[in-house]
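Heads up: the structure comes next, in structure tokens.
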Amino acid sequence: MTNPRIPYQMSNERSSLAPPDGKSLIVHLVVNVEHWEFENAMPRKIITAPHGLEQVPDIPNYSWAEYGMRCGMPRILEMLASRGLPASTSINAGVIDAYPQCAEAMLNAGWEFIGHGIHQRSIQGETDEAGLIAMAKEKIEAFTGISMRGWLSPGLKETVDTPDILKNLGIEYVCDWVLDDLPVWMKTEHGPLVAMPYNMEINDSIIYAIEKHASPEMYRRLADTLEAFQPELEHQPRILAIGLHPHLIGVPHRIGYLKRMLDDLMAHDNVVFMNGSQILDWFLAADSEGA
């Protein structure tokens, strides 16, 4: 099947978009803040059980994730606040109840809240997907007092109906379709939806939890990406989304590489940091006829 939602187009054939404030590299920091349920199987593991006997509770893997909520999040919050950088949190709505101090800290920091389900499990296994998405949206909006505009599915997993459900609920962009360096328009039954660039290459979950690289790898990938983007930025803006998880990038042997990444990006004259809604508003103005 060809892509049923987004017509194919080579990146060099797209109409040029005017960069925001003349800055061609747009950096989107996405901190995934999740609720891993103690009473259920863990969504991902750092250690397997002896003899393959996997049971609940899964103390080591649960603790692996909760370390990020206890120790990793304060490091990330301080690092972004001290630099005055905007961010988006892709948040399980269950975090609001399970980790209220963390949710309040992100709200006070001015982060944008992007829907990410209720708990960290795939929506493909839900019997009422629309009800779950609506519940997550309602809970996040009640907490923030702000309309939720973006969505990132747990594990980036969707059903065939997800974009239609999102658009029908008034959500304006989705981060699951990691197929372009710029936003693109998606077809839904209820009108156009924006597919927002996310990243599986400069993403600590892929690099450290799945590919299991050494700590400097994420920093090296950023340097190589910037080198490749440099000539392209002369003709078209690029969005560099950086996916972060507090239990991965927030550990002591990796957090210093995030600091170096941010400081290197801030040293570039053509870089601007934006959250998801800021990128969306720029794209809607720059490509007003694209829908």
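No lab work stands behind these numbers, since they all come straight from the coordinates. Quick caveat: nothing in here was measured; it's all calculated off a predicted structure. As a convention, Cβ positions derive from the backbone with ideal geometry for all residues, glycine included, and neighbour counts pool all protein chains shown.
Note on the chain: antiparallel DSSP beta bridges, both residues inside, total approximately 10 percent of the bridges counted.
Pull out a ≥ b ≥ c, the square roots of the eigenvalues of the alpha-carbon gyration tensor of segment 44-86, then state rounded if a/c is under 1.5, prolate if not and a/b is larger than b/c, and oblate in the remaining case. Prolate, because a/c is 1.5 or more and a/b exceeds b/c.
Rounded, prolate or oblate, given the Cα gyration tensor of the chain, with a/c below 1.5 counting as rounded? Taking the square roots of the gyration eigenvalues as a ≥ b ≥ c, the chain is oblate.
Rounded to the nearest Hz, the phi-derived 3J(HN,Hα) couplings of segment 145-161 under the Karplus curve 6.51 cos²θ - 1.76 cosθ + 1.60 (θ = phi - 60°) are x, 10, 4, 7, 9, x, 9, 9, 5, x, x, 6, 8, 10, 9, 5, 9, where x marks glycine and proline. Taking Lys and Arg as +1 and Asp and Glu as -1, the other residues whose beta-carbon sits under 15 Å from that of Asn12 total -3.
Span-like helices, the chain: DSSP H, alpha-carbon axial extent 20 Å or more, mean Kyte-Doolittle -0.5 or greater, which ones? Sorted by number, the helices that extend far enough and score high enough are 129-144, 252-266. The protection proxy used here, the mean number of other Cβ atoms lying within 10 Å of each residue, ranks peptides 27-40, 85-98 as follows, highest first: 85-98, 27-40.
Remark: for residue pairs Lys23/Lys167; Lys139/Lys187; Lys137/Lys167; Lys157/Lys212, the C-alpha separation exceeds 20 Å in Lys23/Lys167; Lys139/Lys187; Lys157/Lys212.
State, to one decimal in nm, how far the label point of Met200 lies from the label point of Asp97, with both points 7 Å from Cα in the Cβ direction. About 3.2 nm separates the two model spin labels.
The packing ranking of peptides 127-138, 4-15, 70-81, 274-285, highest mean first, is 274-285, 70-81, 127-138, 4-15, where packing means the average number of other beta carbon atoms within 10 angstrom of each residue.
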